[in-house]
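The values are calculated or read from the model by the stated rules, or taken from the named source; none is laboratory data. A quick note: this is a predicted structure, and the numbers were derived from the prediction, not measured. Neighbour counts run over all protein chains shown; Cβ positions are idealised from the backbone, glycine included. Note: accessible area is taken over every heavy atom of the protein model, side chains too, but ligands, DNA and RNA are not part of it. Shrake-Rupley method; radii C 1.70, N 1.55, O 1.52, S 1.80 Å.
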Amino acid sequence: MSILPGAEPYHHDGGPVGFLLSHGFTGTPQSMRPWAEHLAAGGLTVSLPLLPGHGTRWQDMQLTTWQDWYAELERAFDVLRGRCEFVFVGGLSMGGTLALRLAEQRGDQVAGLVLVNPSVHADDPRLKALPVLKRLVRSLPGIGSDIRKEGASELAYSRMPLKPLHSLARLWPLVQSDLPQVTQPVLLFRSPQDHVVNPANSETVLARISSTDVTAELLPDSYHVATLDNDAEYLFTQSLEFVRRLTAFDGQDDGKDDAKD
């Protein structure tokens with residue numbers, strides 16, 4: 001199955017500091033591409049993979065689970081670790097969920113986390129019916145493009161497949177129970193007006209992680225897909241400053257872009 005135009009993975013070979021980015025459920029690297037390019041322009045080595053089942057057609061997601069998405073992110077993480085002195089991980093929505101899981105599992109191999117409206121628990125009581133509902137209905141209307149900025153749009157599926165959604169729902173309690181294992185520096189961005197992930201998810205993360213270096217930022221002029229919204233430039237700038245503060249990296253970049261990871 002061919003990849004949708006704009007959904008391609010992205011990689012940039014830069015300096016000794018790496019940054020791994022993960023898009024969200026039913027989304028694509030398109031939602032993270034401006035962020036990735038900002039980090040690359042700052043001299044970082046950046047990896048933005050396309051998660052399995054994404055970027056083609058929603059029916060392809062039916063064959064994937066959270067383990068598949070996590071495995072792809074971990075693969076990209078290990079590639080970065082093989083060439084970088086430090087590797088940071090950032091994610092939007094489910095991408096934040098996967099980033100947290102990576103931090104829980106890989107410990108101090110992760111230099112720091114940048115989370116944007118991460119999801120760690122189910123807020124809609126109807127999700128409790130997923131084990132039965134997924135056998136009766138294959139999909140529901142999509143959740144993409146929750147963006148306040150006029151004219152901006154997210155490349156995401158128009159339908160939300162229920163089988164993989166049930167898999168994601170099984171990941172949430174695992175990530176939530178292991179949040180105390182997160183000790184890395186954390187920069188968390190949350191949108192007060194989010195129509196996809198309740199901001200209470202971010203509060204749960206902040207309350208349960210063990211990190212002592214924690215910065216929480218509000219994005220008052222953005223909805224869920226903040227990486228494409230009005231506060232995006234602030235998000236990009238602050239995340240790069242976060243990396244520089246922790247690594248003293250001067251931003252020298254002799255690298256190049258590659259559309260494929």
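For the reader, a short list of remarks on this structure follows.
- From helices alone, the chain scores -10500 deg cm²/dmol at 222 nm; the rule is -39500 (n - 2.57) for each run of n ≥ 4 DSSP H residues, then divide by the residue total.
- Expressed as a whole percent, the accessible area of segment 1-157 that falls on carbon and sulfur atoms is 52 (1.4 Å probe).
- Relative contact order (%) - the chain, alpha-carbon pairs under 8 angstrom, separation at least six: 25
- Contour excess over end-to-end distance, with Cα ends at K163 and L218 and 0.36 nm allotted per residue: 16.6 nm
- Matching the structure-derived Rg and Dmax of the Cα atoms in Å against the labelled list (1) 18.9, 61; (2) 20.8, 64; (3) 16.9, 55 gives the label (3).
- Principal-axis tilt of helix 94-106 within the chain, Cα atoms, nearest 10 degrees: 60
- With Cα atoms, 0 to 90° folded angle of helix 66-81 axis to the chain main axis: 10
- Per-residue accessible area (protein heavy atoms, 1.4 Å probe) orders W58, W35 as W58, W35, starting from the largest.
- Look at the alpha carbon pairs under 8 Å that are at least 6 residues apart: their mean separation over the length of segment 1-123 gives a relative contact order of 28 percent.
- Dipole magnitude for segment 133-261: computed about the Cα centre from +1 point charges on Lys and Arg Cβ and -1 point charges on Asp and Glu Cβ, it is near 1060 debye.
- Where H38, H11 fall by accessible area, highest first, once all protein chains stay in place (1.4 Å): H38, H11
- The chain: antiparallel DSSP beta bridges as a percent of all, rounded to 5: 30
- Ranked by the mean number of other Cβ atoms within 10 Å of their residues, highest first, the peptides 187-194, 93-100, 60-67 come out as 93-100, 187-194, 60-67.
- Using a Förster distance of 22 Å, the FRET efficiency for A248-R106 (Cβ separation, nearest 0.05): 0.45
- What the Cα convex hull of segment 99-235 gives, in volume per residue, is 113 Å³.
- The residues of segment 53-186 present an accessible area of 44 Å² per residue when probed at 1.4 Å with all protein chains retained.
- For the chain, the longest principal axis of the Cα atoms and the long axis of helix 162-177 meet at an angle of about 50 degrees.
- Most to least packed among 23-33, 220-230 [average Cβ atoms within 10 Å]: 23-33, 220-230
- Residue-level accessible surface for D68, protein heavy atoms, 1.4 Å, Å²: 60
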